[in-house]
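Working notes, structure below.
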Amino acid sequence: MRLIITFFVLFIGSLFMGSCNKGPTGGIPFYLKMDTAVVAAPTGVSAGSNTQNIQDVWVAEGANNIGAYELPCNFPVLDEGPVYFVLQAGVWQSAQNTNPVIYPFLNADTFTLNATPTNKYSHVPRFSYKAAAKFLFNEDFELASSYNSNMVKTHDSTKYGAFCGKITVSPNDSSVVACQLGYAGTQGAYTLTSGQEIWVELDYKSDVPFWSGIIAHFNSGATDTIQVLFLLPTNTWTKEYIKLSETVGNEGANTYNLYFQGLNPSGFAGGSVYLDNIRLVHM
């Protein structure tokens, strides 16, 4: 009986010791700190209007996916140098912090760190747009506006460059719609292809809530107005990434336009919606 008990204790002990395998560094990590990301301006976009809102970095170390970390972050790594990292840029899809995704248009940031356990290191993630990423337009309002008269160019409240777009909702308006008429000096809607990654990037601040959406045009002459994202007022400039891929795939229209609809709900006395650096990127 004593032999059986002794064997049982030794067996359990061996399992416990095996489960406490501390890895190549004896369970002692090094730490990697990242505060904010840098995104290089894509071709044709001036540095002054090159904005970004990278919220997360998705980290792979060697063959191991470590996880996604919201910036700023400081996390432990159980390895020692040379350690190879692959960082992917993460955004909050359609302004939802519950829906973090890897932004598909940016190249990964890769680097090797000759790390020692217990040491602390810092890195600035640097991302650039992929060569395959195509910008259908970049509306910065510096030259002209491609919207109807409900969107005007203004110096008021600008942060990037000399001008931004402005939609004014008076106390007597229930809503005001600014519809895109053309782009890059042309008039008319544009073609988007189902099955592609299609996103809109934009900067905004607003006194009132507003909708962003697209208008689908069919060869029959019919149109469909689709509300894509409802945005709340904010007194600071904010950048958002709005995914249109599924909307375009479901519509299957011939051409599309963007629109923005400023609202005046109960409790509001009107106000303005300011927009800048509106880009449609697809791949």
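Laboratory data are not the source of any read-out in this text; all were calculated from the coordinates shown. Source: prediction; values computed, not measured. Cβ coordinates were reconstructed from backbone atoms using ideal geometry, including for glycine residues, and neighbour counts include every protein chain displayed.
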Which value in nm describes the separation of the simple spin-label points at L71 and T193, placed 7 Å from the Cα toward the beta carbon? 3.1 nm
Which distance in Å, rounded to a whole number, links the C-alpha centroids of segment 63-136 and segment 195-221? 29 Å
Obtain the nm distance between the two label points defined at T223 and F268 by a simple spin-label model: each point lies 7 Å from its Cα along the Cα-to-C-beta direction. 2.2 nm
Fewest to most Cβ atoms within 10 Å: H123, H282, H155 sort as H155, H123, H282
Treat each spin label as a single point 7 Å out from the Cα along the C-beta direction, and report the S175 to T110 distance in nm. 4.7 nm
As a quick test, which of the pairs K205/K243; K33/K159; K166/K239; K33/K205 have an alpha carbon distance above 27 angstrom in this structure? K33/K159; K33/K205
Residues A40 and L143, FRET efficiency given R0 of 25 Å [Cβ-Cβ distance, rounded to 0.05]: 0.60
